[in-house]
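Trainee: Quick one: structure below, then a few questions.
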Amino acid sequence: MRNSDNERTPLIAVIPATAPSVSSGSRPYGAASHPDPDSRGTTSDFVVNHLSGESGRKLPQYIAGLAVSAGALATGTFLGWTSQVEIPLVQNKEYGFPISDEEFSWIGSMANLGAALMCLLIGVLMKMIGRKRAILAMALPLLLGWSLIIFAKNVAMLMVGRFFVGIGSGAFCIAAPTYTAEIAQPLIRGSLGTLYQLLVTIGILFVYGIGDAVNVQMLSIICGAVVPLVFVFICFMPESPQYFIEQNRDYDASRSLMWLRGRRYDEWAEISELRAEEANIREKIKTFFQAFKQRATMRTLIISLGLMFFQQLSGINTVIFYTTYIFNDTNSGVLVATPVTTVIVGAIQVVVMLLTISIVDKVGRRILLMISAIFMAVSTILLAVYFQLQEDDSTQVKNLGWLPVLAVCLFIAMFSIGYGPIPWLMVGELCASNVKAYVSPLAGAFNWLLASLVTKFFIDVLDDLGIAGVFWLFSGLSLLGTVFVFFMVPETKGITLVEIQQILSGGRMRRPSDQSNSTIEDND
């Protein structure tokens, strides 16, 4: 900012030498004051953060983001569990009671339905009791669900158990990205946001790794034991400062930001901007219907639903389903046991997710999404051509056994670098505070319902189109997803959540060059 004399003006007023004492943990809206400067050092110690976030400590933010995203391990274990227990439960009757193929499909689907239901509720819960407490509350359905699975005496107990595990796990796809988006400074928000998907893939890989070595009950006990181990770390993390702003508790927001940014960070400049944006949103949006009359809300909803649509219809579930067949195809020259195949798939996802975390804040969201979609389309085209040639004349692919293996590995890697983690990250970034309770749950529920429908009706589509036709369909959808990202998805790399709302509303965004990184001068 510059005044009429073209002199630089500070973002906030210089902190006075003394401040009113604080007698309680929170203050009324607008009544908060700066903490006692004697406990924070002199005024000249403060670093003026321009709100794009160069100043402030980053390590506490990584710790908080990792702790909350660790709950995604529970999501990963519940996703990986199904593929590891189908043969023991259905064919070997390991639990002592018969389970048909149709019943097992419902056991898998119940988890998706539970996740979809919780996605519709978690936004309201986060707004009522806070992001942290809402996340901690998910330990109850997770523990209940795994207990029912461990001690199941019939199919009904397995279905109900999976439903509750889905409830607890599904909440994290909304809660974790929302929390990390709100606590992180712009320069690291992308890497923190992708921690959720990384922990999901680690959870899946963990189950793949031990699934063949233990029976179903022991596998379920191990998965259930993960819950208290990861949730204990969340207890020590601060609440999101955005939640305190929504509750008019500026002093608590200050304490949260001091934990996240360090004591030398001038958190009141950030609070001032968050408070101004919150007041602006409250003035415009008071009801559900008013929320969806806003241009920013509608753009957020369209982008969020679009990203979820192209994520689930990219073909990821089909590619993973056919991975074992492709690796064990006699023409491929790659003969490995099924457990090893699943571990290879899980390992590729984890390694590429680590790469994504390191580059997402440097390369940007849009470019990674487009690269992901283009190369997923290339992969599925290669698979479609291979299977089409195989159907016409298997001798044509006698020397092309390496092609589907390469295509599968490329597809999984490209999914993990873009369309796997970034849709969830962007939902957390795009939603304004007062519409998170509406848009984020709709996007999450849409994703889980699509996953359930794709799983349930995949065989029917396969019968109609054939395996080559299915992969041609997925390649077309991936190319369409590239077009969608190019025209509809804004770049959110390195800008604040407030500036993202300005972009979505069609307003002019304040550029980083207009902001100050300097240190506040000690006027004394």
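Trainee: Pull up the range 62-93, narrow it to residues that are aromatic (Phe, Trp, Tyr) and closer than 19 Å to Ala171 by Cβ, then point me to the one that is modelled with the highest pLDDT.
Mentor: Only one residue fits best here, namely Trp81.
Trainee: Regarding Met414, is this residue within 30 Å of Tyr438 (Cβ to Cβ) and under 26 Å from the mean Cα position of the chain (by Cα)?
Mentor: Details: within 30 Å of Tyr438 (Cβ to Cβ): no; under 26 Å from the mean Cα position of the chain (by Cα): yes.
Criteria not met by Met414.
Trainee: With the structure loaded, tell me whether Gly428 is within 25 Å of Ala175 (Cα to Cα), at pLDDT below 85 and not in a loop (DSSP other than H, G, I, E, B) or whether it fails that test. Give the steps one after another, and end with the answer.
Mentor: Numbers: within 25 Å of Ala175 (Cα to Cα): yes; at pLDDT below 85: yes; not in a loop (DSSP other than H, G, I, E, B): yes.
It is true that Gly428 is within 25 Å of Ala175 (Cα to Cα), at pLDDT below 85 and not in a loop (DSSP other than H, G, I, E, B).
Trainee: So, one more: Of all residues in the range 433-459 being over 11 Å from Ala115 (Cα atoms) and modelled with pLDDT of 85 or more, which is most open to solvent (accessible area, probe 1.4 Å)? Write out each step before concluding.
Mentor: At the first step, the residues of the range 433-459 found to be over 11 Å from Ala115 (Cα atoms) are 433-440, 442-443, 450, 453-459.
Retained after the next criterion (residues that are modelled with pLDDT of 85 or more): 442-443, 450.
Numbers: Leu442: 68, Ala443: 1, Leu450: 23 Å².
Out of the qualifying residues, it is Leu442.
Trainee: Given the condition loosely packed, with under 15 Cβ neighbours inside 10 Å, within 14 Å of Ser416 (Cα to Cα) and in contact with a helix residue (DSSP H, G or I) (Cβ under 8 Å, 6 or more places away or on another chain), answer yes or no: does some residue in the range 384-401 qualify? Outline the logic, then answer.
Mentor: Here is the first cut: in the range 384-401, the ones loosely packed, with under 15 Cβ neighbours inside 10 Å are 391-396, 398-399.
Filter again for within 14 Å of Ser416 (Cα to Cα), leaving none.
So far as the range 384-401 goes, no, none of its residues is loosely packed, with under 15 Cβ neighbours inside 10 Å, within 14 Å of Ser416 (Cα to Cα) and in contact with a helix residue (DSSP H, G or I) (Cβ under 8 Å, 6 or more places away or on another chain).
Trainee: Now for a different question. Of the residues that sit in the range 57-103 and are among the aromatic types (Phe, Trp, Tyr) and within 15 Å of Ile149 (Cβ to Cβ), which one is most open to solvent (accessible area, probe 1.4 Å)? Show your work before the answer.
Mentor: Looking only at the range 57-103, we keep the residues that are among the aromatic types (Phe, Trp, Tyr), and these are 62, 78, 81, 95, 97.
From what is left, the residues that are within 15 Å of Ile149 (Cβ to Cβ) are 78, 81, 95, 97.
Numbers: Phe78: 2, Trp81: 1, Tyr95: 42, Phe97: 26 Å².
The residue in question is Tyr95.
Trainee: Is it fair to say Ala139 is closer than 20 Å to Gly193 by Cβ and either open to solvent by 40 Å² or more (accessible area, probe 1.4 Å) or out of contact with any strand residue (DSSP E or B) (no Cβ under 7 Å at 6 or more places or on another chain) (or both)? Please lay out each step first, then the result.
Mentor: Numbers: closer than 20 Å to Gly193 by Cβ: no; either open to solvent by 40 Å² or more (accessible area, probe 1.4 Å) or out of contact with any strand residue (DSSP E or B) (no Cβ under 7 Å at 6 or more places or on another chain) (or both): yes.
Spelling it out, it is not the case that Ala139 is closer than 20 Å to Gly193 by Cβ and either open to solvent by 40 Å² or more (accessible area, probe 1.4 Å) or out of contact with any strand residue (DSSP E or B) (no Cβ under 7 Å at 6 or more places or on another chain) (or both).
Trainee: Moving on to the next point. For the range 121-135, give me the residue count where each residue is touching a helix residue (DSSP H, G or I) at 6+ places or on another chain (Cβ under 6 Å) and either buried (at least 19 other Cβ atoms within 10 Å of the Cβ) or not hydrophobic (A, V, I, L, M, F, W, C) (or both). Quick ask: steps written out before the conclusion?
Mentor: Step one: of the range 121-135, the residues touching a helix residue (DSSP H, G or I) at 6+ places or on another chain (Cβ under 6 Å) are 122-127, 130-131, 134-135.
Within this subset, residues satisfying the condition of being either buried (at least 19 other Cβ atoms within 10 Å of the Cβ) or not hydrophobic (A, V, I, L, M, F, W, C) (or both) are 122-123, 125-127, 130-131, 134-135.
Summing the residues that are touching a helix residue (DSSP H, G or I) at 6+ places or on another chain (Cβ under 6 Å) and either buried (at least 19 other Cβ atoms within 10 Å of the Cβ) or not hydrophobic (A, V, I, L, M, F, W, C) (or both) in the range 121-135 gives 9.
Trainee: Here's another thing I want to ask about it. In the range 87-139, what residues are farther than 22 Å from Thr77 by Cβ and hydroxyl-bearing (Ser, Thr, Tyr)?
Mentor: Residue satisfying the conditions is Ser100 alone.
Trainee: Could I ask something else about it? If I ask for residues that are of a type in the set (A, V, I, L, M), closer than 25 Å to Gln185 by Cα and open to solvent by less than 30 Å² (accessible area, probe 1.4 Å), which ones from the range 461-500 would you list?
Mentor: Of the range 461-500, the ones of a type in the set (A, V, I, L, M) are 461-462, 465, 467-468, 470, 473, 477, 479-480, 483, 485, 488-489, 495, 497-498, 500.
From what's left, closer than 25 Å to Gln185 by Cα: 485, 488-489, 495, 497-498, 500.
If the condition is that a residue be of a type in the set (A, V, I, L, M), closer than 25 Å to Gln185 by Cα and open to solvent by less than 30 Å² (accessible area, probe 1.4 Å), then Val485, Val489, Ile495, Val498, Ile500 are the ones that fit.
Trainee: Here is a follow-up. Hey, could you check the range 336-382 for residues that are in contact with a Phe, Trp or Tyr (Cβ under 6 Å, 6 or more places away or on another chain) and assigned to a helix (DSSP H, G or I) and say which is nearest to Gln84 (Cα to Cα)? Full working, then the answer.
Mentor: From the range 336-382, those in contact with a Phe, Trp or Tyr (Cβ under 6 Å, 6 or more places away or on another chain) are 336, 341-343, 346, 372, 376, 379-380; that's our starting set.
Cutting the leftovers down to assigned to a helix (DSSP H, G or I) gives us 341-343, 346, 372, 376, 379-380.
Details: Thr341: 12, Thr342: 10, Val343: 11, Gly346: 13, Ser372: 28, Met376: 26, Ser379: 26, Thr380: 26 Å.
Per the stated criteria, the residue is Thr342.
Trainee: Can you tell me which residue is modelled with the highest pLDDT among those in the range 320-335 that are open to solvent by 40 Å² or more (accessible area, probe 1.4 Å) and part of a helix (DSSP H, G or I)? It would help to see each step written out before you state the result.
Mentor: Our first condition is that a residue be open to solvent by 40 Å² or more (accessible area, probe 1.4 Å); within the range 320-335, this holds for 320-321, 325, 328, 330-331, 333-335.
Among the residues that remain, those that are also part of a helix (DSSP H, G or I) are: 320-321, 325, 328.
Numbers: Ile320: 72, Phe321: 65, Tyr325: 65, Asn328: 62.
Filtering the range 320-335 for residues that are open to solvent by 40 Å² or more (accessible area, probe 1.4 Å) and part of a helix (DSSP H, G or I), the one modelled with the highest pLDDT comes out as Ile320.
Trainee: Kindly evaluate Val483 against the criterion of being more than 20 Å from the chain's Cα centre (by Cα), part of a helix (DSSP H, G or I) and without any contact (Cβ under 8 Å) to a residue 60 or more places away in the chain. Step through it out loud before you land on a result.
Mentor: Working: more than 20 Å from the chain's Cα centre (by Cα): yes; part of a helix (DSSP H, G or I): yes; without any contact (Cβ under 8 Å) to a residue 60 or more places away in the chain: yes.
Spelling it out, Val483 is indeed more than 20 Å from the chain's Cα centre (by Cα), part of a helix (DSSP H, G or I) and without any contact (Cβ under 8 Å) to a residue 60 or more places away in the chain.
Trainee: Mind listing whichever residues of the range 457-472 are of a type in the set (A, V, I, L, M) and touching a residue at least 60 places away in the same chain (Cβ under 8 Å)? Outline the logic, then answer.
Mentor: Taking the range 457-472 first, the residues of a type in the set (A, V, I, L, M) are 459, 461-462, 465, 467-468, 470.
Correct list: Ile467, Ala468, Val470.
Trainee: So which residues in the range 258-268 are open to solvent by 10 Å² or more (accessible area, probe 1.4 Å) and among the aliphatic types (A, V, I, L, M)?
Mentor: Met258
Trainee: Determine whether the range 167-178 contains at least one residue that is modelled with pLDDT of 85 or more, open to solvent by less than 10 Å² (accessible area, probe 1.4 Å) and more than 30 Å from Leu59 (Cα to Cα).
Mentor: Checked the range 167-178: no residue is modelled with pLDDT of 85 or more, open to solvent by less than 10 Å² (accessible area, probe 1.4 Å) and more than 30 Å from Leu59 (Cα to Cα).
Trainee: Scan the range 353-383 residue by residue and report those that are polar (S, T, N, Q) and closer than 11 Å to Ile417 by Cα. Let's see the steps before the verdict.
Mentor: Of the residues in the range 353-383, the ones polar (S, T, N, Q) are 356, 358, 372, 379-380.
Hits for the range 353-383 are Thr356, Ser358, Ser372.
The values are calculated or read from the model by the stated rules, or taken from the named source; none is laboratory data. No experiment lies behind these values; they were computed from the predicted model shown. Please note: Cβ atoms are built from the backbone with ideal geometry, for glycine as well, and neighbour counts cover all protein chains shown. Side chains included, ligands, DNA and RNA excluded: accessible areas come from the protein's heavy atoms. Shrake-Rupley method; radii C 1.70, N 1.55, O 1.52, S 1.80 Å.
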